[in-house]
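Before any comments, here is the structure.
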Amino acid sequence: MNSLREVIASCLTDYDPAALPVASAQTIINGFVQPVVAMQTVPVQQALGRVLAAELISPLNVPAHDNSAMDGYALRADDLIAHAASAHAPCRLQQIGRALAGKPFNGELQPGQCVRVMTGAVLPTGADTVVPQELCLAPSDAENGQWVEIAAALTRGDNVRYAGEDLVRGKPVLARGRNLQPADLGLIASLGIGSVPVFRQVRVAHFSTGDEIASIGQPLAPGQVYDSNRYCLHGMLARLGVQTIDMGVIADDPAALRSALTAAATHADVVITTGGVSVGEADFIRSLMAQLGEVAFWKIAMRPGRPMAFGRIGESLFFGLPGNPVAVMVTFYQFVREALLRLSGQTERLQVPLLRVPSRVALRKRPGRTEYQRAVLSHDDALGWSVSLTGQQGSGVLRSMSAANCLLVLEHERGDVACGDLVSVQLFDGLV
């Protein structure tokens, strides 16, 4: 196993822990993550949000047979072609039966014949085209049976779904490392597969630190605030499908913190703490980590969320996030989220896409750090899509995060923004 120093050296040529760019920190962290390998088999109904541990190969064709894409009449295109060359009147075909979904027509079409078909019905032998019922004249009874008049011009194969058009037997369906979504569950079920191999869920232990933090249900002592960080983390982790171990609030006591860190690393793949990573006299995480594990303490060139720690306690990854709730959320989304997805074995949709839209407001920004502003992406007929801020941007103002639907991202080297300039946004939909 490579040391943290070796990983940093392999990722970066110019490393300054006192002013580390966001992209550099992301590179280091992602280079340190080794995906889980343990697998388990789960029923399809329980596979939503799990990561597929083996490539899924189709055991059959979907659909299994050529079938009708709509209600109408199955026929031979040659009949239409021959009729078009000889007359201008509608083509008249004899209806010899019907085919329903799950109830095929028994027989074979001969020249001049058609079969009434419903959507999903197996295409009768001899037929190669389906004409929608709306393009047919009302059938009429005659001495020799029922007749259908077709006035529309068709191309061979119109309105036919061919066997294997969706999935082909023996071909890959879903790739290893895919986070299974609702459509994937239906796709798997369409193959008659009832269970799938997935990677085991990542286990994440987290706790808040600080004498000033009180848990819900406890009376507030002078100078205390209720813990919001654990609940933000719980929500963000729940969206990623990991198993969480909530260890509560740990006081600023070296013995208690050592015990909590040791226990967390024993039971979890990842340990996340909030608070205690700055340089205050009561911030003990720094000194404890020097004893318990391998860790880098960084001042990230970002706002909010400047102080952060990353490393390892035994076999567990460690993230020491800031204490202010907005800084916790921003650093989680920029660093922890992708690491957890990689750790879970996921290989797709790891990064949150950035959209480019005009800013409704002018913004002051100095180059040399990345800034994340809480914002609202909105649409109107005059401007189209554009973004504006939610209000106060202090790292302790959680209400402005709750009111936002995106983060406005001002990149490392960017300067001031004028009203109307294009800026980048990270949408919360699907993220938070």
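The values are calculated or read from the model by the stated rules, or taken from the named source; none is laboratory data. Everything numeric in this text was worked out from a predicted model, so none of it was measured. Cβ: placed from backbone, ideal geometry, glycine included. Neighbour counts: every protein chain shown.
Brief remarks on what is shown
- Residues that are in a strand (DSSP E or B), modelled with pLDDT under 95, touching a helix residue (DSSP H, G or I) at 6+ places or on another chain (Cβ under 8 Å) and crowded, with 19+ Cβ neighbours inside 10 Å are absent from the range 277-285 altogether.
- For the range 22-79, the candidate set comprises residues that are acidic (D, E) and surrounded by 16 or more Cβ atoms within 10 Å (Cβ to Cβ); within that set, the residue that is modelled with the lowest pLDDT is D79.
- Residues of the range 285-323 satisfying the condition of being over 27 Å from V397 (Cβ atoms) and either among the hydrophobic types (A, V, I, L, M, F, W, C) or without any contact (Cβ under 8 Å) to a residue 40 or more places away in the chain (or both): S287, L288, M289, A290, Q291, L292, G293, V295, A296, I313, L317, F318
- Of all residues in the range 10-27, those that are of a type in the set (V, I, T) have Cβ atoms under 9 Å from Cβ atoms of residues that are surrounded by 17 or more Cβ atoms within 10 Å (Cβ to Cβ) and in a helix (DSSP H, G or I), 6 or more apart or on another chain, in V22/Q334; V22/F335; T27/C11.
- With respect to the conditions (1) of a type outside the set (S, T, N, Q); (2) in the same structural domain as A265 (by TED's automatic domain parsing); (3) outside any loop (DSSP other than H, G, I, E, B), I216 lacks only one, and its number is (3).
- Once the range 250-260 is narrowed to residues that are closer than 8 Å to T209 by Cβ and buried (at least 20 other Cβ atoms within 10 Å of the Cβ), the residue that is farthest from the chain's Cα centre (by Cα) is L257.
- Test: residue in the range 49-58 that is out of contact with any strand residue (DSSP E or B) (no Cβ under 7 Å at 6 or more places or on another chain) and touching a residue at least 60 places away in the same chain (Cβ under 8 Å): no
- Qualifying residue in the range 3-21 (condition: under 24 Å from the mean Cα position of the chain (by Cα) and surrounded by 14 or more Cβ atoms within 10 Å (Cβ to Cβ)): no
- The sole residue among V62, V122 that is touching a His at 6+ places or on another chain (Cβ under 9 Å), more than 21 Å from A152 (Cα to Cα), touching a residue at least 12 places away in the same chain (Cβ under 8 Å) and not aromatic (F, W, Y) is V122.
- Selection within the range 291-306 - modelled with pLDDT of 90 or more and in contact with a Gly (Cβ under 9 Å, 6 or more places away or on another chain): A301, P304
- Within the range 302-320, being buried (at least 21 other Cβ atoms within 10 Å of the Cβ) and touching a Pro at 6+ places or on another chain (Cβ under 9 Å) holds for M302, P304, G305, P307, M308, G320.
- Matching entry among V352, V376 (being on the phi < 0 side of the Ramachandran plot and either in a loop (DSSP other than H, G, I, E, B) or basic (K, R) (or both)): V352
- Looking at R312, R349, R337, just one residue is within 25 Å of the chain's Cα centre (by Cα) and in the same structural domain as G210 (by TED's automatic domain parsing), and that residue is R337.
- Number of the condition not met by A403 [criteria: (1) under 30 Å from G241 (Cα atoms); (2) touching a His at 6+ places or on another chain (Cβ under 7 Å); (3) not β-branched (V, I, T)]: (2)
- Scan of the range 344-378 for residues that are crowded, with 23+ Cβ neighbours inside 10 Å and among the hydrophobic types (A, V, I, L, M, F, W, C), ordered by number: A375
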